[in-house]
Each structure stands twice: as C-alpha cells, then as structure tokens.
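Okay, so here's the structure we're looking at.
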Amino acid sequence: MTLRYLHTMVRVKDLEKTMDFFKLLGLKETRRIDNEGGRFSLIFMAPEGQEECPVELTYNWDGDDALPSDSRHFGHLAYSVDNIYETCQLLMDNGVTINRPPRDGHMAFVRSPDNISIELLQAGDSLAPSEPWASMENVGHW
Ligand SMILES: C[C@@H](O)C(=O)SC[C@H](NC(=O)CC[C@H](N)C(=O)O)C(=O)NCC(=O)O
Ligand code: NI
C-alpha cells in the first residue's frame, strides 16, 4: 500500500488576512473551490516548487462556531492511497473506526487514537492533486 502525503487542512476566520500572511512566507494559491451548496471555500496554497504539498485553508462563509471546538482550527491531515476500500478494510481489521466510509469511492475519514482527523483520498481521483483540478463549484456539500 502506498500512502502519499497530500495536505494539512486548517479552518480560518479571516481568509484574506490568512492568505496575505502565507503570501508573505512565499506561498501561492494553487487551487480554489468555492462550494455554494456547502457555503465554504477551500484554498490550497503552497511554496513554488512544492505545489504537491499545499496547506488547505477552509473558510466557512457563515463562520465555524457550529463546529466542535476541538476541530475549529485544525481540520485534518490528508493522504492519497492506492485503494481506499482496501485501506479502510485494513484499518477496520485493526480496530480503527471508519468515521466516514468511502461510499463515494473517493474520500473517507478516520481518527487517530488521539482523535486527529485523517482524510483518505483515492489516488488518481479528481480530488487528489495529481489529477487536473476539476471545478467543484456549485457542487452540493459532499
Ligand atoms: C478537498 C478535500 O481535501 C477536503 O478536505 S473536502 C472535506 C470537507 N470539507 C468541507 O466540507 C469544508 C466545510 C466544512 N464546514 C468544514 O469546516 O470542514 C469535509 O468533509 N470537512 C469535514 C472535515 O472534518 O474535514
Ligand atoms: Ni482535505
């Protein structure tokens, strides 16, 4: 099984100020999804030459006060896997709960023993950065 680091997601309250901060550090916007259905934006930023390892800024248009306090800022670590169903089966066989099963074949969520959220994405999928970034605008909240 080949696991490939994809990104770290953090939630931000002031998107413009946060982007200006990361631009000061030399990061540039590499991808953006404005999701009308879910009322949020995902902005991926990475240093030049490291576009495959961005930070994913999640901006909830209506704020994120409704989220559990332990997940308000840090969101998840994301990895791509060769076969998301086989990976989830391996985890389940070892006692890991699949918090969000990959019913759509491309995304699953599990938690580490310390409850750190881990996003698993099917390698080669339009959500994984190795593929041309399909426009996800106006897609309902997945
Ligand atoms: C594109 C892929 O890398 C994602 O991370 S999409 C994950 C998805 N994000 C959202 O729905 C953003 C808005 C939401 N209100 C939030 O604040 O997360 C998602 O399933 N998020 C839940 C999570 O635990 O990351
Ligand atoms: Ni993500």
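Where a number appears in this text, it was derived from the coordinates with a stated rule and is not lab data. As the structure is a prediction and not an experimental result, all values here were calculated from the model. We place every Cβ from the backbone using ideal geometry, glycine too, and count neighbours over all the protein chains shown.
Miscellaneous remarks
- For the stretch 57-127, trypsin sites (Lys or Arg not before Pro) are listed when DSSP marks them as loop and at most 13 other Cβ atoms sit within 10 Å of their Cβ; the list is Arg103.
- Kirkwood Rh in Å, taken over all unlike Cα pairs in the chain: 15.9
- For the stretch 81-90, the Karplus equation 6.51 cos²θ - 1.76 cosθ + 1.60, evaluated at θ = phi - 60°, returns couplings of 10, 5, 9, 5, 6, 5, 5, 5, 5, 4 Hz by residue, with Gly and Pro reported as x.
- Dipole magnitude of the chain, debye to nearest 20 (Cβ charges: Lys/Arg +1, Asp/Glu -1, about Cα centre): 180
- Here the simple spin-label model places points 7 Å from the Cα toward Cβ, and for Glu16 and Asn115 these points are separated by 3.5 nm.
- Residues of the stretch 1-31 with amide N under 20 Å of the 7 Å Cα→Cβ point at Asp82: 1-6
- Here the peptides 4-14, 24-34 are ranked by packing, the mean other Cβ count within 10 Å, and the order with the highest first is 4-14, 24-34.
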